[in-house]
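The values are calculated or read from the model by the stated rules, or taken from the named source; none is laboratory data. Here the structure is a predicted model, which is why all the values come from computation and not from measurement. FYI the Cβ positions are ideal-geometry reconstructions off the backbone, even for glycines, and counts take in every protein chain you see. Ligands, DNA and RNA are excluded from the accessible area calculation, which covers all protein heavy atoms including side chains. Shrake-Rupley method; radii C 1.70, N 1.55, O 1.52, S 1.80 Å.
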Amino acid sequence: KIIVYRSRASKNRDTSKAVKDTRERLQTNGQSVGTFEREMMDLHLTSVQQGAALMPLFIIIVGLTASYFGGEINLFPWMMTSLVVHSLYLLLARCARKANKSAKDAARWRKRLLAGQIVSGLCWAWFAFSDCDSCTISYFFFFKGATLLIALSATSFAFYMLRSATLFTFTPVVVALA
């Protein structure tokens, strides 16, 4: 007895033909992938602009909390640098949104945005590399760990449409902690 697996034929032949044609076009033609990348870039740029205030708020809360509880921790230069880098990233995203017209533009702007993520990662590496002489070792260690974990989670959620953004952002942090 031979059992042949056949998927159930669709009742709507036009829909099944459209699905089959689209599947073949996606598998053989790279142009659809480029269009998909451009659309994902548009969605990413929109989400960056809509959530623009979240990361600065988090940076300010981290800096003020560390100064309040840590005593002699001076994270003000880190805070200012991180806020400037975030502002520059927002300007870059705004320019990318205006110029993202084709798949080729999307690939070029993706590289630029990932470079911006590396610079942002350098700011987080600066935070990870900072030290507190007057703090107890466990307090500041856990504070930095929790802060970096929250920053990693926030970055993953905020930039999930920009492929490899979390990797590019936190590679400098991992190098600083190693």
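Accessible area per residue of region 83-178 at 1.4 Å probe, in Å²?
Details: 5590 Å² over 96 residues.
Using a 1.4 Å probe on heavy atoms only, each residue of region 83-178 averages 58 Å².
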Measure of exposure for Lys111: accessible area at 1.4 Å probe, Å² rounded to 10, is 140
The chain, Gaussian network, Cα under 10 Å: of Thr81, Thr166, Thr22, the residue fluctuating most is Thr22
A 1.4 Å probe over the protein heavy atoms gives the chain a carbon and sulfur accessible-area percentage of 64
D (µm²/s, integer) via Stokes-Einstein for the chain, Kirkwood Rh across alpha-carbon pairs, 10 °C, 1.306 mPa s: value 83
The size of the Cβ-based charge dipole (Lys, Arg +1; Asp, Glu -1) of the chain about the Cα centre, to the nearest 20 debye, is 1580
Highest GNM mean-square fluctuation among Asn12, Asn74, Asn100, for the chain with Cα springs under 10 Å, belongs to Asn12
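In terms of solvent-accessible area of protein heavy atoms at a 1.4 angstrom probe, what is the ranking of Trp78, Trp126, highest value first?
Numbers: Trp78 5, Trp126 110 Å².
In descending accessible area the options line up as Trp126, Trp78.
Would you compute, from DSSP H runs of 4+ residues alone, the mean residue ellipticity of the chain at 222 nm, taking -39500 (n - 2.57) per run and dividing by the full residue count, rounded to the nearest 500? Spell out each step's value before the answer.
Numbers: 7 runs with 139 residues, N = 178.
Roughly -27000 deg cm²/dmol at 222 nm, from the helical runs in the chain.
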Which of Arg97, Arg110, Arg23 fluctuates most in a GNM of the chain (C-alpha springs under 10 Å)? That residue is Arg23
